[in-house]
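To keep things clear, I will list the structure first and then write my remarks on it.
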Amino acid sequence: MHLRLTDEQQMVQKTIRKFVEKELMPLENDVLRNEREGKPSLSAEKMHELQMKAKEAGFWGINTPEEYGGADLGQMMLAIVQIEVAKTFVPFQFGGSADNILYYGNEKQKEKYLMPTINGDKKSCFAMTEPGAGSDTRNIRMTAVKDGDEWVLNGEKTFITGGNEADFVMVIAITDKELHQSSGGRKGVTCFIADRSMGWKSEYIDTMGEWGPASLIFENVRVPDENVLGEVDGGYDLGLEWIGFARWVVGARAVGSAERLLKMAIDYANERETFGKPIGTRQAIQWQIADSAVEIEAAKWLVLNAAFTLDQGEDNRHAASMAKLYGSNMGNRVVDRVLQIHGGMGYTRELPIERWYREARLWRIYDGTDEIQRLIISRNLLKGHVKVG
Amino acid sequence: MLEGERILMIIYVILKRTFDTEEKIVIQNGKISDDGAEFIINPYDEFAVEEAILLRDKHGGEVTVVSVGDEDNEKELRTALAMGADNAILINNEEVEEKDQHTTASILAAFFEDKAYDLILGGNVSNDNSTGQVGPRLAEQLNIPCVTTITDIEIEGDMVTVVRDAEGDTEILKTSIPLLATAQQGLNEPRYPSLPGIMKAKRKPLEEIDYDELGIDEDDIESLTETVTVFLPPEKQAGKILQGEAADQVKELVTCLHKETKVI
Ligand SMILES: Cc1cc2nc3c(=O)[nH]c(=O)nc-3n(C[C@H](O)[C@H](O)[C@H](O)COP(=O)(O)OP(=O)(O)OC[C@H]3O[C@@H](n4cnc5c(N)ncnc54)[C@H](O)[C@@H]3O)c2cc1C
């Protein structure tokens, strides 16, 4: 047992921290201005420029297998990187990676979709959720009917991240109604790779956050048979794998953001004076700072444990649910306290706290809501899949 | 150094571990407190590491980073290795009680005594004490030319052309190898340690030696200076915004510059 980051992990952490401080944080005011003017937070050119700068230093494809040009450093390193990058709200992502399920593609699919996604030439999105099927993923309605060597897709997907910008979607549709029903929704659905040029339409959904997802409309969209990802009727597991991967990463994002926010609160508490003394001398403020620090630390260990478990080749779903549930709630509590400590200033758009406040609310909803995480955790315990202690 | 037709450069970088002055500095018992301080490679030394790597990549050869300090300095040395330096040497001076720039320069001089080198690079100053003494003192003890605050360096054979920042003016100097030069801001933009570099850094050689293995006596290298007190600069005062007609503001400004700040 060694509860410390290794020398390499510490050096990666320090390097990313420096990159974030030097390259990303200076863009924060521009990002806020762009967003207030309804423009993209970060232009595509700027994102590309930053990704290339990171690539020069080898920060590219952190957990992409080496055979696809990545660094393949595993989940712990990814967690460390995600926590550091979340210290700014500048929506930057290191390049060189692709959705985990695209690796299940055949050679042709890898060449056509996986590699261009890794290289940043194509943008992907993943669509499971429908107006009638969110938490209840088994209730999807979209259908795909075979016609010669094509599949004809009809239905609607909603809340799809990147759905407005994507060149292609990995979309889940029912391919065998009977099997779908008899298996309780676990079989009879298939994952298709559908190019935008095949005819699906997207519509932006305005949300409380700064980037909105999209609804996708499929009306007789014809997808060639060669675009089936994985097995016909075996798409449900792929869907779960896609959702499962990102789960603990939400916790990592919450930890990084909360650390930065707490730093802001500490600085403000030392500076802001009321009734002749800095507010940091008041117990009411001190306790908020102490509680936040303890909760951040707890969330960080849950996140690192979820990442470490996966690196050991073990099933990390239980750990990931705990990291997601606790992390995203911790993030919401911390941003609320930090806003409170800043008083009226915290509520203004002069400071980015309100922006974080709006972003943090999403963490408790997507990739499985709080309630769904609790359902998973308690089910694992009640059914004896996981033991207490 | 000549190897066949190819010129191979032996480059050393002297490197200091300092605290990050962008973080909050706290003084405790007359000393800067280590608690919660972030440590980094002295930013001017980082320019030196970058330049050494660039020169090695251009001319071939080897870069060795040397740091005088304690075991904690290993971290900064490993960072330099991750940036691309080939070897690292830590000279431990923990046992020396009274240390100053003379101490560091003398230890380094003893280290370099039996070494072959073409170029020793360092930072112009450290961002903590800012004395700018170690480089020039070392060159003096080694009896080699020294150029400070360089912003450019070109090497052709044994000849070296250096551009230096002379407090705002630019000087171009010609000198020769072996040379000690100290880096000024503007020399280059240091790279980030690379991810593959970080993973390899652990396998690169890092040698640790005790200062007394260099055949020097503590008495000869002890501080020549004494630190009387350490204090933070006065807190910045809030700015003053002048009101009224432009003509009145100008008058008030002139009065302020005269009476309050006494700059005219
Ligand atoms: C910004 C954003 C981006 C998204 N990106 C994507 C994406 O890229 N791809 C994608 O496929 N989906 C995406 N989603 C969809 C997201 O995963 C769903 O919104 C989420 O799973 C919840 O589903 P729902 O909105 O239908 O809520 P519902 O499932 O209708 O839930 C409503 C409420 O009931 C609770 N609830 C539901 N079932 C139970 C139960 N059995 N027991 C107790 N409580 C229950 C829920 O927790 C919630 O509080 C995104 C959503 C948002 C908001």
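The values are calculated or read from the model by the stated rules, or taken from the named source; none is laboratory data. Computed from a predicted model, the values in this text were never measured in an experiment. Backbone-built Cβ (ideal geometry, glycine too); neighbour counts: all protein chains shown. Just the protein is used for accessible areas: all its heavy atoms, side chains included, with ligands, DNA and RNA removed. Shrake-Rupley method; radii C 1.70, N 1.55, O 1.52, S 1.80 Å.
State, to one decimal in nm, how far the label point of A:Asp7 lies from the label point of A:Lys201, with both points 7 Å from Cα in the Cβ direction.
Reported label-point gap for A:Asp7 and A:Lys201 is 6.1 nm.
Just the Cα atoms of the range A:291-360: what Rg and Dmax do they give in Å?
Cα only, the range A:291-360: 14.9, 48 Å (Rg, Dmax).
With a 10 Å radius around each residue's Cβ, average the other Cβ atoms per peptide and rank A:5-11, B:215-221, highest first.
Averaged packing, sorted descending, gives the order A:5-11, B:215-221.
Roughly how far apart, in whole Å, are the Cα centres of the range A:325-373 and the range B:162-231?
Measuring centre to centre over Cα atoms gives 45 Å.
How large is Rg/Rh for the range A:240-382, to two decimals, with Cα atoms and a Kirkwood Rh?
Rg/Rh: 1.06.
Give the Debye-formula value of log10 I(q)/I(0) at each listed q (0.14, 0.25, 0.30 Å⁻¹), with one equal scatterer per alpha carbon of the range A:36-97, two decimals each.
So the normalised log intensities are -0.44, -1.10, -1.29.
Measure nothing but the geometry: give the 0 to 90° angle between the long axis through the Cα atoms of A:44-56 and the longest principal axis through the Cα atoms of chain A, rounded to 10°.
In chain A, helix A:44-56 runs at an angle near 80 degrees to the longest axis.
Among B:Ile153, B:Val134, B:Thr225, whose Cα lies farthest out toward the positive end of the dipole of chain B, if unit charges sit on the beta carbon of Lys, Arg (+1) and Asp, Glu (-1)?
Going by the charge dipole, the pick is B:Ile153.
Summarise the long-distance tail of P(r) for chain B by giving the % of C-alpha pairs beyond 27 Å.
45 percent
Taking Rh as the Kirkwood radius, which is the inverse of the mean 1/r over Cα pairs, what is the Rg/Rh value for the protein assembly as shown?
That ratio equals 1.04.
Alpha carbon centre of the range A:215-291 versus the range A:59-95: separation in Å?
16 Å
In the range B:166-264, what is the volume of the convex hull around the alpha carbon atoms, normalised per residue and reported in Å³?
Each residue corresponds to 358 Å³ of Cα convex hull volume.
Starting from the Cα gyration tensor of the range A:138-195, multiply each eigenvalue by 5, take the square root, and state the resulting semi-axes largest first in whole Å.
Ellipsoid semi-axes (Å, largest first): 21, 15, 8.
About the Cα centre of the protein assembly as shown, what is the dipole size in debye to 20, counting +1 per Lys and Arg Cβ and -1 per Asp and Glu Cβ, all else neutral?
It comes to approximately 3620 debye.
Search the structure for amide H atoms under 5 Å from the amide H of B:Leu179, placed 1.01 Å from N in the peptide plane, and list their residues when 5 or more places away or on another chain.
Residues meeting the criterion, in which the H sits 1.01 Å from N, are B:Leu119, B:Ile120.
May I ask which residue of B:Gly168, A:Tyr103, A:Gly61 lies farthest towards the positive end of the charge dipole of the protein assembly as shown, with charges of +1 (Lys, Arg) and -1 (Asp, Glu) on Cβ and the Cα centre as origin?
Positive-most Cα among the choices belongs to A:Tyr103.
Please compute the per residue accessible area over the range A:198-346 with all protein chains in place, 1.4 Å probe, rounded to a whole number of Å².
Accessible area per residue, the range A:198-346: 47 Å².
Shielding by partners for B:255-263, please: the mean number of other protein chain Cβ atoms within 10 Å of each residue's Cβ.
Across B:255-263, the average partner-chain Cβ count within 10 Å equals 0.
Whole-Hz ³J(HN,Hα) for each residue in the range A:17-31, computed from phi via Karplus 6.51 cos²θ - 1.76 cosθ + 1.60 with θ = phi - 60°, x for glycine and proline: what do you get?
3J(HN,Hα) across the range A:17-31, in whole Hz: 4, 5, 4, 5, 5, 7, 9, 9, 4, x, 8, 4, 5, 4, 4.
Taking 0.36 nm per residue of separation and subtracting the Cα-Cα distance, what length does fully extending B:Gln237 through B:Lys174 add?
Contour length minus Cα-Cα distance gives 18.1 nm.
Name all residues of the range B:134-171 having a backbone nitrogen under 19 Å from the label point set 7 Å from the Cα of B:Ile209 along its Cα→Cβ direction, giving them as ranges.
B:135, B:138-144
In cubic angstrom, how much convex hull volume per residue do the alpha carbon atoms of the range B:56-191 span?
Spread over its residues, the Cα hull of the range B:56-191 gives 119 Å³ apiece.
Report the B-A buried area as the accessible area lost on both sides summed, probe 1.4 Å, in Å² to the nearest 100.
1700 Å²
Accessible area of chain B with a 1.4 Å probe: how many percent of it is carbon plus sulfur?
Solvent-exposed carbon and sulfur of chain B make up 47 percent of the total.
Within 10 Å of each Cβ in B:195-205, how many Cβ atoms from other chains are there, averaged over the peptide?
Going residue by residue through B:195-205 and averaging, the value is 5.
Evaluate E = 1/(1 + (r/R0)^6) for B:Asp114 and B:Ala166, where r is the Cβ-Cβ distance and R0 equals 45 Å; express this FRET efficiency to the nearest 0.05.
About 0.85, to the nearest 0.05.
For the charge dipole of chain A, defined by +1 on Lys and Arg C-beta atoms and -1 on Asp and Glu C-beta atoms about the Cα centroid, which residue among A:Pro116, A:Gly346, A:Leu302 has the Cα displaced farthest towards the positive pole?
Farthest along the dipole direction, towards plus: A:Gly346.
Of the listed peptides A:182-194, B:21-33, what is their order by residue-averaged count of other C-beta atoms within 10 Å, with the highest listed first?
In descending order of packing, they fall as A:182-194, B:21-33.
How big is the charge dipole of the range A:22-181 about its Cα centre, in debye rounded to the nearest 20, if each Lys and Arg gets +1 on its Cβ and each Asp and Glu gets -1 on its Cβ?
320 debye
Of A:Lys87/A:Lys263; A:Lys18/A:Lys263; A:Lys39/A:Lys324; A:Lys14/B:Lys31; A:Lys18/A:Lys55, which pairs sit farther than 19 Å apart, going by alpha carbon to alpha carbon?
Result: A:Lys39/A:Lys324; A:Lys14/B:Lys31 exceed 19 Å.
Take the Cβ-Cβ distance between A:Glu297 and B:Ala246 as r, set R0 to 51 Å, and report the resulting FRET efficiency rounded to the nearest 0.05.
Calculated value: 0.35.
Need one number for chain A: average projected area of the convex hull over its C-alpha atoms, nm².
Reported value for the Cα convex hull: 20.9 nm².
How long is the gain from B:Val228 to B:Asp57 if the chain were fully straight, where each residue apart is worth 0.36 nm and the alpha carbon distance is subtracted?
57.1 nm
Per-residue Cβ counts within 10 Å, from other chains only, averaged over B:53-62: what number is that?
Average neighbour count from other chains, rounded to a whole number: 0.
Where nothing but the Cβ of Lys and Arg (+1) and of Asp and Glu (-1) is charged, how large is the charge dipole of chain B around its Cα centre, in debye to the nearest 20?
Its charge dipole is roughly 1140 debye.
Expressed as an acute angle from 0 to 90° and rounded to the nearest 10, what is the orientation of the C-alpha long axis of helix A:74-85 relative to the principal long axis of chain A?
50 degrees
Per residue, how much accessible area does the range B:146-264 show when a 1.4 Å probe rolls over the protein heavy atoms, in square angstrom?
Per residue, the range B:146-264 has 71 Å² of solvent-accessible surface.
Grab the alpha carbons of the range A:107-240, take their convex hull, and tell me the volume per residue in Å³.
Dividing the Cα hull volume of the range A:107-240 by its residue count gives 105 Å³.
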